[in-house]
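Below you will find the structure I want to go over with you.
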Amino acid sequence: MVYKRIFPFFLIIFFSACIEQGEFSRTEFALGTVCTVTLYEQGKNSLYNDIFSRIREIENLMSLNISSSDISRINSNAGIKPVSVHENTFKVIERAVYFAQLSGGAFDPAIGPIVSLWGISGDNPRCPSQEEIDKILPLVNWRNIELDANANSVFLTQHGMSLDLGAIAKGYAADAAAEILKNAGIKRGLVDLGGNIIVIGEKKDKSPWRVGIQNPYGNRRDFFGIVHTDEKTIVTSGIYERNFEEDGRFFHHLFSPFDGYPADNGLISVTVIMDISMEADALSTAAFVLGYEKGLFLIESIPGVEAIFVFNDRSVQVTKGVEFTITDNTFFFR
C-alpha cells in the first residue's frame, strides 16, 4: 500500500471521438503518480490550480515520502505516544480501520513493515527470508491502531509499526478533486489520479462513459475490455502495477497481511465500480487479497458496489450490475 513511483496505466478512458476542439486538461505529478484532470469546455486555470493545490495538500498530509507528513509523524512515534493529526488524515485512517474490520484484515493500513521489508517501491526490491517475515508480521495488525476522535489523534501501540495509506489516500484525493468540480458546477469532467478514475456528469451525446481496463499481460495503454458506466468511480488493483522477478519467481505489490507475501490466489486484477473512490480503493485491494469467492462475498455485501475479477488464465467474472465488453479475444467470460 504505497504511492506509485511509476507511470501507471490501470485504466484508460476512451471516448467515442478524440477530445473535442476547445476541451483541455492538465497533467501534473503528485501522490507519486501522474494525475490528469480534464474539464472539457468549462476548464479554467484557476479551477485547475484549486484542484491540484488540494491534491498536494493531501499528499503533504499522508505521504510516506514526506518527513513532516502526519503519517510520517505517526510512524516515528509508534509505541511512544499518540499524534494529533489533521482532520482529513484522521478521516482517512478511520475509514481504513473500518475497511480492515469489514474485510477481516485483508485490507490493513498497518501493512507498512511488510512493504518496507520487500522494498517494492524502491530501486532494489527483494524477496526476504521467511525468518525476516516472521519477525515483523506481528506488527501488521490494524487492531493496534488507537484512534481518539476528540483529539484527532492516532497511536500505533507497538514500536516498529507503520501505517501505509497508499491503497486508500489516493482515492480520497480523487474524491476531493471531484468535489471541487461539482461545487464549481462542472457539468462533465474526468479525474484520473494514476488510475483512480472518477467520471463526472455525462458526455455530450448522453451515451455512457467508456473506461478501458488495463490488460495485466500487455503493455502500457493496452486494454482487454471496456466498462460502460454513468457517473461513477472505477478503481483497479492488479499485479502489473509494481512487480519484480527474482530467481525465476514473480512477485507483485499486493501483499497479504496474513502471511506477508504477495497474495497468490489465481487473481491478477480486481476492478471496483461505485460512488466513492476512497472506498473503491480499499475494496479493490481487500477483494484481491481475499481471492475470488471471499472477495465476491465482500463486494456483494455492500449495496451499490460492482466488480470485475480477472484470473491468471485470462478468464473474467463480473457482478450482475456491470456492463462490460471484452475487446481482446484472448480473454473470456467464465
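Read-outs: derived from the displayed coordinates by stated rules, not from any lab. Since this is a predicted model, take the numbers as computed values, not measurements. Reconstructed Cβ throughout: ideal geometry from the backbone, glycine too, with neighbour counts over all protein chains shown.
Quick one: of the DSSP bridges fully inside the range 199-334, what percent are antiparallel, nearest 5?
The antiparallel fraction comes to roughly 95 percent.
Here are some pairs, Lys135/Lys294; Lys44/Lys91; Lys135/Lys170; Lys44/Lys204; Lys182/Lys204; which of them have Cα atoms lying more than 23 Å apart in this structure?
Those over the limit are Lys135/Lys294; Lys44/Lys91; Lys135/Lys170.
Something else now. So if each residue of separation counts as 0.36 nm, and I subtract the Cα-Cα distance between Gln317 and His86, what length gain in nm does that give?
Fully extending the segment from Gln317 to His86 adds 79.2 nm.
Moving on. Quick check: Cα centre of the range 82-145 to Cα centre of the range 253-280, how many Å?
14 Å
Only four residue types carry charge here, +1 at the Cβ of Lys and Arg and -1 at the Cβ of Asp and Glu. Report the dipole size of the range 1-329 about the Cα centre in Debye, rounded to the nearest 20.
Value, rounded to 20: 540 debye.
Let me ask something additional. Would you mind calculating the relative contact order of the chain from Cα pairs under 8 angstrom and at least 6 residues apart, reporting the percent as a whole number?
For the chain, the relative contact order is 19 percent.
Additional query: Using the membrane-span-like helix rule (whole DSSP H runs, Cα extent along the own axis of at least 15 Å, mean Kyte-Doolittle hydropathy at least -0.5), which helices of the chain qualify?
Going by DSSP H runs, the hits are 45-62, 87-102, 169-183, 277-290.
Within 10 Å, count the other beta carbons around each residue, average over each peptide in 291-301, 264-274, and list them highest first.
Ranking, from highest mean packing down: 264-274, 291-301.
FRET efficiency for Phe332 and Asp222, Cβ-Cβ distance as r, R0 = 22 Å, nearest 0.05?
For Phe332 and Asp222, the calculated efficiency is 0.85.
On to the next question. Please list, by residue number, everything in the range 218-239 whose backbone N is under 16 Å from a paramagnetic label point 7 Å out along Cα→Cβ of Asp275.
Residues 230-234 qualify, since their backbone N sits under 16 Å from the label point.
Once you charge only the Cβ atoms, +1 for Lys and Arg and -1 for Asp and Glu, what is the size of the charge dipole of the range 44-183 about its Cα centre, to the nearest 20 debye?
220 debye
Counting DSSP beta bridges in the chain, what percent are antiparallel, to the nearest 5?
Of those bridges, close to 95 percent are antiparallel.
Per residue of the chain, what 222 nm ellipticity follows from adding -39500 (n - 2.57) for every DSSP H run with n ≥ 4, rounded to the nearest 500?
Counting only the DSSP helices, I get -8500 deg cm²/dmol.
When Lys and Arg each count +1 and Asp and Glu each count -1, what net charge do the other residues less than 9 Å away from Val85, Cβ to Cβ, add up to?
-1
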